[in-house]
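Presented below is the structure to which this report refers.
The values are calculated or read from the model by the stated rules, or taken from the named source; none is laboratory data. Note that this is a predicted model, so its numbers are computed, not measured. Neighbour counts run over all protein chains shown; Cβ positions are idealised from the backbone, glycine included.
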């Protein structure tokens, strides 16, 4: 009996039609692996890519030495650091100066007031001297003692609370920074200018002279002759 013509003919290789039509297992993964390999062709060991190599070649072609460039950048960094340190030091000095000036403004804010009160002290001194010279017969001594007590209280208040300080000048060396000479007298017994008499007391406010003492100065004989 003749075989049915519709019967499938076997492939000589032993693979049927279904086998030839079926795709190999893992074909998609192989294709992706091949694409990744092609993308990585330009990579070289050490992480350097073709683009990095091109940049290095361009730098070399432009005549830029990497060592020279590194030294230049290090010098720029040192210069910037030096500028920063200088600016920081300048700012610190400015801050300290502002603090000092502010404190001085506070310390010497009462200078004008104290100068006015110093004149009152001068008047007390004159009253004390005048009362002592009148004698006891007309009560001058009692008046002098009362004025002297008031003067002492006021002077103590200004000294302890406000920092006013009287500096004695008689028989001390003449100092133009704290003394104002109103006259000179020759004196062979002195070797340097010396205060002979104090006509107006000098005062300091927290170490700073706010009124120079008016004095008469004894001058050495040879200096006076000149």
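Scan segment 102-115 residue by residue and report those that are part of a helix (DSSP H, G or I) and within 24 Å of residue 200 (Cα to Cα). Full working, then the answer.
First pass over segment 102-115, keeping only residues part of a helix (DSSP H, G or I): 102-107, 111-115.
Of everything in segment 102-115, those that are part of a helix (DSSP H, G or I) and within 24 Å of residue 200 (Cα to Cα) turn out to be 111, 112, 113, 114, 115.
Among the numbered criteria (1) modelled with pLDDT under 60; (2) in a helix (DSSP H, G or I); (3) surrounded by 10 or more Cβ atoms within 10 Å (Cβ to Cβ), which single criterion is violated by residue 42?
Unmet for residue 42, out of (1) modelled with pLDDT under 60; (2) in a helix (DSSP H, G or I); (3) surrounded by 10 or more Cβ atoms within 10 Å (Cβ to Cβ): (2).
How many residues are surrounded by fewer than 16 Cβ atoms within 10 Å (Cβ to Cβ) and either more than 20 Å from residue 117 (Cβ to Cβ) or more than 43 Å from the chain's Cα centre (by Cα) (or both) when one looks only at segment 161-174?
4
Only one of (1) outside any helix (DSSP H, G or I); (2) touching a residue at least 60 places away in the same chain (Cβ under 8 Å) fails for residue 175. Which number is that?
Answer for residue 175: the failing condition is (2).
Given the conditions (1) over 30 Å from residue 201 (Cα atoms); (2) surrounded by 11 or more Cβ atoms within 10 Å (Cβ to Cβ), and given that residue 99 satisfies all but one, which numbered condition is not satisfied?
(2)
How many residues does segment 153-196 contain that are within 23 Å of residue 111 (Cβ to Cβ) and touching a helix residue (DSSP H, G or I) at 6+ places or on another chain (Cβ under 9 Å)?
So the answer is 8.
Any idea which residue in segment 198-223 is modelled with the lowest pLDDT, counting only those that are surrounded by fewer than 15 Cβ atoms within 10 Å (Cβ to Cβ) and outside any loop (DSSP other than H, G, I, E, B)? Outline the logic, then answer.
Step one: of segment 198-223, the residues surrounded by fewer than 15 Cβ atoms within 10 Å (Cβ to Cβ) are 199, 206-208, 221-223.
Next, from what is left, pick out any that are outside any loop (DSSP other than H, G, I, E, B): 199, 208, 221-223.
Working: 199: 93, 208: 91, 221: 77, 222: 72, 223: 64.
Of everything passing the filter in segment 198-223, 223 is modelled with the lowest pLDDT.
Quick test for you: out of 195, 190, 185, pick the one residue that is touching a strand residue (DSSP E or B) at 6+ places or on another chain (Cβ under 8 Å), in the same structural domain as residue 220 (by TED's automatic domain parsing) and not in a strand (DSSP E or B). Spell out the reasoning first.
On the way: 195 fails: not in a strand (DSSP E or B); 185 fails: not in a strand (DSSP E or B).
It is 190.
From the list 141, 89, 78, pick out the single residue that is surrounded by 10 or more Cβ atoms within 10 Å (Cβ to Cβ), farther than 21 Å from residue 205 by Cβ and at pLDDT below 85.
Details: 89 fails: at pLDDT below 85; 78 fails: at pLDDT below 85.
Of 141, 89, 78, the one residue that is surrounded by 10 or more Cβ atoms within 10 Å (Cβ to Cβ), farther than 21 Å from residue 205 by Cβ and at pLDDT below 85 is 141.
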